[in-house]
Amino acid sequence: MEGASEVIGEREEMEKQWKLYEAYNELHGLAQEFDTPFEAPAVLVVGHQTDGKSALVEALMGFQFNHVGGGTKTRRPITLHMKFNPDCETPLCFLVSDSDPSSVQHKSLDELQAYIEAENMRLESEPCQFSSKEIIIKVEYKYCPNLTIIDTPGLIAPAPARKTRALQAQASAVESLVRAKMQHKEFIILCLEDCSDWINATTRRVVMQIDPELSRTVIVSTKLDTKIPQFARASDVEVFLSPPARALDGFILGDSPFFTSVPSGRVGSSPDSVYRSNDEFKKAISLREMEDISSLEEKLGRPLSKKEKSRIGVSRLRLFLEELLHKRYIDSVPSIIPLLEREHRGATRNLNEINEELSMLHDLNLKEKGRQFHDQFLTKLSLLLKGSIVAPPDKFGETLQDERMNGGAFIGPDGLQFPPKLIPFSGHCFPWISCPEMSSLHGIPSQGRALKIGPVDVASMRLYGGAQYHRAMAEFRFVVGGTKCPQITREEIVNACGVEDIHDGTNYSRTACVIAVSKARDTFEPFLNQLGHRLLHILKRLLPICIYLLQKDGEYMSRNEVFLSRVGSAFNNFAEVTERSCREKCMEDLVSTTRYVTWSLHNKNRAGLRHFLDSFGASTADPSVFSGNHSSAGIPQDSTLHEKSDMKPKVATKSSHSTSGIDSSGSAQMTETRLADLLDNTLWNRRLAPSSERIVYALVQQIFHGIKEYFLASAELKFNCFLLMPIVDKLPALLREDLECKFEDNADSIFDISSLRSSLSQRKRDTEIELKRIQKLKEKFKEIHTQFYQDTALVT
């Protein structure tokens, strides 16, 4: 009777543990499927390639099933929910479906291995080559511990060479995947190290980035049987088995590392198989454990202590992990129940919202929601243009460098762009930098705000909306305003002279106009296109920022993707059409300015040109003016300035002659001579003298500068009036008109009511399933908690 009651008691205790493990397995599956915040305790195996991760997992389970070998074999994490079942003589395995986690399929060990190999081969041929989605397997076996183990892809340590760039990319992908898994605070990290010197922290380097104190990490030294022969002295073995605290840099679980060996060879009936059954494999593991202890004692020259033996072998590691996980399970039960309660309330609230949306799926309701969204969208758009800090700049702002990469840069005729940090966005270019309110927004100290703020690093600021628009305009003014007339060659001057239709003389004023307008057109037209594309990029960026603000304020029409895409398309189309129309207006101005030269525009007044020609005529009296090198390819920019500087003494000489009594007839004769010389050099003589070159160059510079000033003022004014202002005053009416037209045609086409109803119905079914599973789990954990509480009360 006593023996029978003991058996019954053991059976009840086992069933109690089964309920606990089964509840946590379901909790883990629920967290994976619905991305809920449940972090069920589990063992996460982390190690480098060829550290023996998969082999150790098989040894812990007591049977072989995985795809093992050299290189990368595990490309998806494998989650094993292991359950001790004394009635299962052979492993009973179930594969959880990827598409439907509630569905499980019974699989043999061979089928499991074939499935894992197929998945690895599939991922190997894909660009990413790795997936974070877990392969979930449930196992019941009489030799299984009650554990949940997650086997991760092996870390890779490639050589830093050009030939290994592909391998380096793989290594980065694997490390990111493993780091993401280690972020779960409830996971126990099983850190595998294949080294005989604890100073070499290959895997610990990665683990300690997430768990710096190793407070939830168990360190395992694998392949012990290959390391023992490497030690020549007993002291080396002592240090290896009991490493000093400074070597491990932390407080690891279990206080010291574990040491394991897994015998090589696969289970199967093929000639290459070493073991004919899993029983033989388990016996080999036990034998290897005893041989390791014997080899260590022989090296040390003494028997191992009980504490040292408790750290050697797969069976010792399995017992430690099972006890540790069981304790974590029991300790976590009270905290799991409130989480389940909260998720149950959240799922219930989601279900009620879905039901409400389904009941509101009518034309009139959707039209009214669409109109409200239209008004709210325009409100957010206006807010962004006027200035706001509601949207985070680190997420939606762009530095000047980012803006250039995404929207295009202002590139001059030389093909170069001005470095962003050298553009002086100071008070005159960026007026609001001197404003105390805006200065405070950008973190400028109060003492700086009290003074005239000089150059500010606006280029590195992450801006959006009206501020970004203004910065782009400031850069345009700076770059175009600093553009100089391209170099003029003698060949261009000669080609521009041509032949007159009534005489064989030369009209150098016409020559200057031909060169100036051609140079101006070629220089400024690319700037105009670049400005249009840049500002269009800035305006289009407002759409996702508006959507973010609407979502933040709860005014976003979720699940109405067709309607939202139509609003987005209408906004982008309006911006593109408006920008193109504005650019065409600016192009008309540039064409008119470069087609007909108006001297009053380019010289401010006619007196400027007459003054220049008078000074030039006076200078022609000096024969030394014509003594220059006629073969020069260009004229220095300050040549006209040199002539002007010589003007004053010559005029002074002229006045002194008049005061000393020179008669008026002599003065007239001198004037006529100068005029004849001037005409001879500019009209009758086709020989390109230095004086002629200076005239042409000075006129071209003056005309080019006038066109540039007019182009800058005109372009900025037109983009403000015909691109920015229509977004404010024309877009609302056009969007509303477009919206009402679509409402009149067919509301179903703009809202896609049938598809929306189908989507909501599917979400309703999924939420109902989730709600039922959460309710079931909540009841299980409450029952477990009550049972353990009663057992504790009986013991006390």
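The values are calculated or read from the model by the stated rules, or taken from the named source; none is laboratory data. Owing to the predicted nature of the structure, the values given are computational and were not obtained by experimental measurement. Please note: Cβ atoms are built from the backbone with ideal geometry, for glycine as well, and neighbour counts cover all protein chains shown.
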message: Between a residue in the range 498-511 that is within 26 Å of GLN701 (Cβ to Cβ) and any residue that is at pLDDT below 70, which pairs come within a Cβ distance under 6 Å, given they are 6 or more apart or on different chains?
response: GLY505/LEU683; GLY505/TRP684; THR506/ARG686; TYR508/THR682
- request: Hey, could you check the range 25-76 for residues that are out of contact with any strand residue (DSSP E or B) (no Cβ under 8 Å at 6 or more places or on another chain) and modelled with pLDDT of 85 or more and say which is farthest from THR90 (Cα to Cα)?
  value: ALA55
- prompt: So SER132 clears everything in (1) at pLDDT below 85; (2) in a strand (DSSP E or B); (3) surrounded by fewer than 19 Cβ atoms within 10 Å (Cβ to Cβ) except one condition, right? Which one?
  reply: (2)
query: Out of the residues in the range 100-119 that are part of a loop (DSSP other than H, G, I, E, B) and modelled with pLDDT under 85, which is nearest to ILE136 (Cα to Cα)?
result: PRO101
- request: Only residues that are under 11 Å from VAL517 (Cα atoms) and surrounded by fewer than 21 Cβ atoms within 10 Å (Cβ to Cβ): list them for the range 692-701, please.
  value: GLN701
message: For the list (1) more than 13 Å from TRP198 (Cα to Cα); (2) free of Cβ contacts under 8 Å to residues at least 12 places away in the same chain; (3) of a type outside the set (Ser, Thr, Tyr), I need the number of the one condition that ARG246 fails.
response: (1)
message: Among the residues in the range 217-225, are any in contact with a strand residue (DSSP E or B) (Cβ under 7 Å, 6 or more places away or on another chain), farther than 25 Å from THR79 by Cα and not in a loop (DSSP other than H, G, I, E, B)?
response: yes
- prompt: Scanning for something buried (at least 18 other Cβ atoms within 10 Å of the Cβ), assigned by TED's automatic domain parsing to the domain that holds GLU117 and among the charged types (D, E, K, R), does the range 155-175 turn up at least one residue?
  reply: no
statement: For the range 90-104, pairs from a residue that is assigned by TED's automatic domain parsing to the domain that holds ASN66 and loosely packed, with under 15 Cβ neighbours inside 10 Å to a residue that is assigned to a loop (DSSP other than H, G, I, E, B) and of a type in the set (Val, Ile, Thr), with Cβ under 6 Å and 6 or more apart or across chains, are none
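Residues checked against (1) touching a Ser or Thr at 6+ places or on another chain (Cβ under 8 Å); (2) outside any helix (DSSP H, G or I); (3) farther than 19 Å from PRO303 by Cα:
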{"position": "VAL237", "(1), (2), (3)": "no, no, no"}
{"position": "ALA247", "(1), (2), (3)": "no, no, yes"}
{"position": "GLY265", "(1), (2), (3)": "yes, yes, yes"}
{"position": "ASP272", "(1), (2), (3)": "no, yes, yes"}
{"position": "PHE281", "(1), (2), (3)": "no, no, yes"}
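So which of LEU253, LEU317, LEU304 ends up being assigned by TED's automatic domain parsing to the domain that holds SER108, of a type in the set (A, V, I, L, M) and either farther than 22 Å from PRO145 by Cα or free of Cβ contacts under 8 Å to residues at least 24 places away in the same chain (or both)? Talk me through it step by step, then tell me what you get.
On the way: LEU253 fails: either farther than 22 Å from PRO145 by Cα or free of Cβ contacts under 8 Å to residues at least 24 places away in the same chain (or both); LEU317 fails: either farther than 22 Å from PRO145 by Cα or free of Cβ contacts under 8 Å to residues at least 24 places away in the same chain (or both).
Of LEU253, LEU317, LEU304, the one residue that is assigned by TED's automatic domain parsing to the domain that holds SER108, of a type in the set (A, V, I, L, M) and either farther than 22 Å from PRO145 by Cα or free of Cβ contacts under 8 Å to residues at least 24 places away in the same chain (or both) is LEU304.
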query: Residues that are under 35 Å from the mean Cα position of the chain (by Cα) and surrounded by 13 or more Cβ atoms within 10 Å (Cβ to Cβ): which helices (runs of 4 or more DSSP H) entirely in the range 289-394 hold 2 or more of them?
result: 314-359, 363-386
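With respect to MET208, is the statement that it is in contact with a helix residue (DSSP H, G or I) (Cβ under 6 Å, 6 or more places away or on another chain) and either within 29 Å of SER332 (Cα to Cα) or surrounded by fewer than 16 Cβ atoms within 10 Å (Cβ to Cβ) (or both) true?
Details: in contact with a helix residue (DSSP H, G or I) (Cβ under 6 Å, 6 or more places away or on another chain): no; either within 29 Å of SER332 (Cα to Cα) or surrounded by fewer than 16 Cβ atoms within 10 Å (Cβ to Cβ) (or both): yes.
In short, no.
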message: Could you tell me how many of the residues in the range 157-194 are more than 30 Å from HIS326 (Cα to Cα) and out of contact with any His (no Cβ under 7 Å at 6 or more places or on another chain)?
response: 16
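Which is surrounded by 17 or more Cβ atoms within 10 Å (Cβ to Cβ), closer than 20 Å to ILE188 by Cβ and within 51 Å of the chain's Cα centre (by Cα), of VAL237, VAL267, VAL220? Break it down into steps so the answer makes sense when it comes.
Values: VAL237 fails: closer than 20 Å to ILE188 by Cβ; VAL267 fails: closer than 20 Å to ILE188 by Cβ.
The match here is VAL220.
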- prompt: How many of the residues in the range 403-412 are surrounded by fewer than 17 Cβ atoms within 10 Å (Cβ to Cβ), over 25 Å from LYS484 (Cβ atoms) and in contact (Cβ under 8 Å) with a residue 12 or more places away in the chain?
  reply: 1
